[in-house]
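First up is the structure itself, then whatever we jot down about it.
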Amino acid sequence: MLSCGQFASKICGSSNDRRGRAYSSRVEAINALESEIEALSDEQLRARTEEFRQQLADGANLNDLVVPAFATVREAAKRTLGQRHFDVQMIGGMVLHEGKIAEMKTGEGKTLVATLAVYLNALTGKGVHVITVNDYLAKRDAEWMGQVYKFLGLTVGCIVNELEDQERADAYAADVTYGTNNEFGFDYLRDNMKMSKEEMVQRGHYFSIVDEVDSILIDEARTPLIISGPVDDKADLYTAVDAHMPELVKDPVRYELDEKQRTVALTEEGNQWIEENLGAAGLLTGTLYDIENVSIVHHVNQALKAHTLFTRDKDYIVKNNEVVIIDEFTGRMMAGRRYSEGLHQALEAKEKVEIQPENQTLASITFQNYFRLYDKLSGMTGTAATEAS
């Protein structure tokens, strides 16, 4: 027996079927224009771009231009690429223009479909970003589909790894810009570290089409993009503070240790002891918690953790004059991984090995939060239905 929802689908079709029928009238209108637009010369076809822009300036909106603009792109693609958009690809272009996700299997022409929505939205002059999964595809699509845009009088840019700032700014200034999610994200972070607006390379986040959108906005959604930089070298301070720790931790009255929560803190006796000893060593003036001693407090706390919460050959090993973290679940060495906020340096001071420079996070954003910046966002994938929930 059919459920109500299944019965409705049988009679009316699925929600996608119903949407498809709503788009079909526009497709018919586009097809009706085909013979008229085929008769135009190359110059007349190119001139339609300025006509569309003038209509936008006169108060028209992009939805008013869907039919003539899509018909124009179809003809330009026939003349430059030898490819004609199928009717179903026209529907895909409309879906993208509306800021939705279009499901297209490999080989169904995602790259060609995108030209429809890209051209239409690029008419605003605000810049359209097309996000691909690697540099090779970004370059390929910018050159391949770029023929259509350039034929119609638009400019095309491509963001790849080796570009200088001025080259990036020029690429972002284009009507259509191709690149990878990593490049766009890191450019945004670097822009936020610039000293003046003139030095920034991106000019806004108007409309973006993301290829393999489920991979980028689901699988990698919370992957943080991080720009880090070195902190002033404080190796001597780590060593100087660490020198007092073996004596401090001999008396359990000086600190409170919670092994289950993995926390440790100085008691009143501990505070007094460390103040006296650091003061005598010339490392501290006044009390430990005076505002000018914030850095000292941080170093004391990290050194205390290193000596009470972390055990050599259990939590870490010393190999080749380096402190190497041991994974608590697998027992394997985690080469290249380091504890943050100076804890690793405190362990290095404790083990009397070379203290590596400390890094700090200067800028960070997740892909999810980066793509939320866009006024309109759409995507293409071969697995939209299976990933929908």
Which pairs have Cβ atoms under 9 Å, sit 6 or more apart or on different chains, and link a residue in the range 31-59 that is touching a residue at least 40 places away in the same chain (Cβ under 8 Å) to one that is open to solvent by 70 Å² or more (accessible area, probe 1.4 Å)?
Asp42/Arg79; Leu45/Arg79; Leu56/Asp64
Across the range 236-256, what is the total count of residues that are open to solvent by 60 Å² or more (accessible area, probe 1.4 Å) and among the aliphatic types (A, V, I, L, M)?
2
Out of all the residues in the range 273-289, which are surrounded by 13 or more Cβ atoms within 10 Å (Cβ to Cβ) and more than 12 Å from Leu304 (Cα to Cα)?
Trp273, Glu275, Asn277, Leu278, Gly279, Leu283, Leu284, Leu288
Residues to consider are Thr124, Thr111; find the one that is in a loop (DSSP other than H, G, I, E, B) and either more than 21 Å from Leu56 (Cα to Cα) or open to solvent by 30 Å² or more (accessible area, probe 1.4 Å) (or both).
Thr124
Go through the range 141-173 and count every residue that is modelled with pLDDT under 95 and not charged (D, E, K, R).
3
Could you tell me whether Asn134 is at pLDDT 95 or above, of a type in the set (S, T, N, Q) and touching a strand residue (DSSP E or B) at 6+ places or on another chain (Cβ under 8 Å)?
no
Return a yes/no flag: does the range 257-272 have any residue that is open to solvent by 40 Å² or more (accessible area, probe 1.4 Å), touching a Lys or Arg at 6+ places or on another chain (Cβ under 6 Å) and either modelled with pLDDT under 95 or more than 17 Å from Ala349 (Cβ to Cβ) (or both).
yes
For the range 96-126, name all the residues that are among the small types (Gly, Ala, Ser) and touching a His at 6+ places or on another chain (Cβ under 9 Å).
Gly109, Ala117
From (1) in contact (Cβ under 8 Å) with a residue 60 or more places away in the chain; (2) not in a loop (DSSP other than H, G, I, E, B), pick out the condition that doesn't hold for Tyr136.
(1)
Output for the range 24-58, where each listed residue is outside any helix (DSSP H, G or I) and either within 35 Å of the chain's Cα centre (by Cα) or not hydroxyl-bearing (Ser, Thr, Tyr) (or both):
Ala39, Leu40, Asp58
Expected single match for charged (D, E, K, R), under 12 Å from Gly127 (Cβ atoms) and open to solvent by less than 30 Å² (accessible area, probe 1.4 Å) among Asp191, Asp175 is Asp175
Filtering the range 334-380 down to residues that are of a type in the set (Phe, Trp, Tyr) and in contact (Cβ under 8 Å) with a residue 40 or more places away in the chain yields Phe367, Tyr370, Phe371, Tyr374
So Arg337, is it at pLDDT below 95, farther than 22 Å from Asp232 by Cβ, open to solvent by 90 Å² or more (accessible area, probe 1.4 Å) and not aromatic (Phe, Trp, Tyr)
yes
Ala117 is checked against (1) over 28 Å from Gln44 (Cα atoms); (2) surrounded by 15 or more Cβ atoms within 10 Å (Cβ to Cβ) and fails just one. What number does that condition carry?
(1)
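Is it the case, given these coordinates, that Thr361 is open to solvent by 20 Å² or more (accessible area, probe 1.4 Å), under 26 Å from the mean Cα position of the chain (by Cα) and hydroxyl-bearing (Ser, Thr, Tyr)?
Taking the combined requirement at face value, the residue satisfies it.
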Residues that are closer than 30 Å to Ile209 by Cβ: which strands (runs of 3 or more DSSP E) entirely in the range 295-389 hold 1 or more of them?
359-366, 376-381
Looking only at the range 291-308, count every residue that is free of Cβ contacts under 8 Å to residues at least 24 places away in the same chain and open to solvent by less than 50 Å² (accessible area, probe 1.4 Å) and tell me the total.
2
Residue, farthest from Gly153 (Cα to Cα), within the range 3-45, restricted to residues that are open to solvent by 100 Å² or more (accessible area, probe 1.4 Å) and modelled with pLDDT under 95
Cys4
For the range 194-226: of the residues being of a type outside the set (D, E, K, R) and more than 27 Å from Thr381 (Cα to Cα), which is least open to solvent (accessible area, probe 1.4 Å)?
Val201
Subset tally (residues that are modelled with pLDDT under 95 and either over 24 Å from the mean Cα position of the chain (by Cα) or over 18 Å from Arg74 (Cα atoms) (or both)) for the range 104-131:
6
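The values are calculated or read from the model by the stated rules, or taken from the named source; none is laboratory data. Just so it is clear, the structure is predicted and the values come from calculations on it, not from any experiment. Neighbour counts run over all protein chains shown; Cβ positions are idealised from the backbone, glycine included. Each accessible area value is taken on the protein alone, full model and side chains, heavy atoms only, with ligands, DNA and RNA left out. Shrake-Rupley method; radii C 1.70, N 1.55, O 1.52, S 1.80 Å.
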